[in-house]
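Note sheet for the following structure.
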């Protein structure tokens, strides 16, 4: 009995805390090493043992040990990695399956590693571009809340006792200050409640689909989102095409890489259209989602018979365009926030200073 309790306690203590998914940079390095080893005619099982011995990452090692055991027990590569999909993600397991079937595993893994490295760099660039505007936004919100809840209450009694007719801006500020002081906790609780409800709804597939569709079709940064999607599709499709993976299977694999259920439905429609004998450019064009340039580049690849080359150029173009537009939005957002912050502070100073000066002027010395 004590032995059973001890084993349960040990299992709890050894359980990973936090996210199960392995860091993308670690995954990129793992894929690069696995590609080099398999390309050197080292078996998949032996390749994994070599990588495990390097101890690149605790989560990676744990997943690879389980994959090795599955391979040893006679499972196919895809089956072994599929059992650890929570750690590797659906895209890697699907790519391993396609590479194993096509016989181009090392080439596909090498290109996928390169893509993940570039994707990680792009995310870092996005973070760098957005960090300053986000800080400014939070500072602006913090300044407004501080003024309304801490500064204004000190002037309320003075202004209320004054027989002077207060300016409209001062009345607005006093009203807002009173409102936030009386309802601040309720507003915060309401905001937290809304986040919790949103999270719960996202767990149900029916509501998640509706939410995903709403955000996908909303006009706010819609072109920017489509640009990012086209970059991802062209990059992943390029990797699969140079690995000689069937176009229908390629779209099916790419579909799994997206979390947005509405986008998955669009790609499912493209996949079904391909199964009916339509080409890729026509299938994507029917969905009225992708840009005319993207469809045209796909069409060029189909007409020339060299889809991989066309996709490579498309991927490079969209990667550069995506980062360029992001930095442009960021550069426009920064001065807007600074001007808005200056306007808020100026409005408060004006609203407080004018009645204060009027009150002082009425005092007889």
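The values are calculated or read from the model by the stated rules, or taken from the named source; none is laboratory data. Quick caveat, the model's predicted, so the values are computed rather than measured. Don't worry about glycine lacking a Cβ; one is built from the backbone with ideal geometry, like all the others, and counts go over all protein chains shown.
Only one of 105, 64, 69, 29 is more than 17 Å from residue 240 (Cα to Cα) and buried (at least 20 other Cβ atoms within 10 Å of the Cβ); which? Outline the logic, then answer.
On the way: 105 fails: more than 17 Å from residue 240 (Cα to Cα); 69 fails: buried (at least 20 other Cβ atoms within 10 Å of the Cβ); 29 fails: buried (at least 20 other Cβ atoms within 10 Å of the Cβ).
Only one candidate qualifies: 64.
Kindly evaluate residue 290 against the criterion of being touching a residue at least 12 places away in the same chain (Cβ under 8 Å), over 30 Å from residue 244 (Cβ atoms) and under 22 Å from the mean Cα position of the chain (by Cα). Write out each step before concluding.
Values: touching a residue at least 12 places away in the same chain (Cβ under 8 Å): yes; over 30 Å from residue 244 (Cβ atoms): no; under 22 Å from the mean Cα position of the chain (by Cα): yes.
No, not satisfied.
Can you tell me which residue among 172, 233 is more than 24 Å from residue 344 (Cα to Cα), part of a helix (DSSP H, G or I) and at pLDDT 75 or above? Walk me through how you get there before you give the answer.
Numbers: 172 fails: more than 24 Å from residue 344 (Cα to Cα).
Sole residue among the options that is more than 24 Å from residue 344 (Cα to Cα), part of a helix (DSSP H, G or I) and at pLDDT 75 or above: 233.
How about region 302-326: which of its residues are without any contact (Cβ under 8 Å) to a residue 12 or more places away in the chain and more than 30 Å from residue 128 (Cβ to Cβ)?
Matches in region 302-326: 303, 304, 305, 306, 309.
Given the condition modelled with pLDDT of 75 or more and assigned by TED's automatic domain parsing to the domain that holds residue 249, answer yes or no: does some residue in region 148-161 qualify?
Looking through region 148-161, none of the residues is modelled with pLDDT of 75 or more and assigned by TED's automatic domain parsing to the domain that holds residue 249.
Which ones in region 273-285 are surrounded by 15 or more Cβ atoms within 10 Å (Cβ to Cβ) and assigned to a loop (DSSP other than H, G, I, E, B)?
Step one: of region 273-285, the residues surrounded by 15 or more Cβ atoms within 10 Å (Cβ to Cβ) are 273-274, 278-285.
The answer is 278, 279.
Taking the stated definitions as given, is residue 100 over 22 Å from residue 309 (Cβ atoms), in contact with a helix residue (DSSP H, G or I) (Cβ under 8 Å, 6 or more places away or on another chain) and assigned to a helix (DSSP H, G or I)? Don't jump to the end; show me each part of the working.
Numbers: over 22 Å from residue 309 (Cβ atoms): yes; in contact with a helix residue (DSSP H, G or I) (Cβ under 8 Å, 6 or more places away or on another chain): yes; assigned to a helix (DSSP H, G or I): yes.
Yes: the conditions hold for residue 100.
Pick from 338, 329: which is touching a residue at least 24 places away in the same chain (Cβ under 8 Å), more than 21 Å from the chain's Cα centre (by Cα) and under 30 Å from residue 139 (Cα atoms)? Spell out how you get there, then give the answer.
Values: 329 fails: more than 21 Å from the chain's Cα centre (by Cα).
On inspection, the qualifying residue turns out to be 338.
Quick one: which of 300, 289 is more than 19 Å from residue 94 (Cα to Cα), outside any loop (DSSP other than H, G, I, E, B) and touching a helix residue (DSSP H, G or I) at 6+ places or on another chain (Cβ under 7 Å)? Working first, answer last.
Numbers: 289 fails: outside any loop (DSSP other than H, G, I, E, B).
Exactly one residue qualifies, and that residue is 300.
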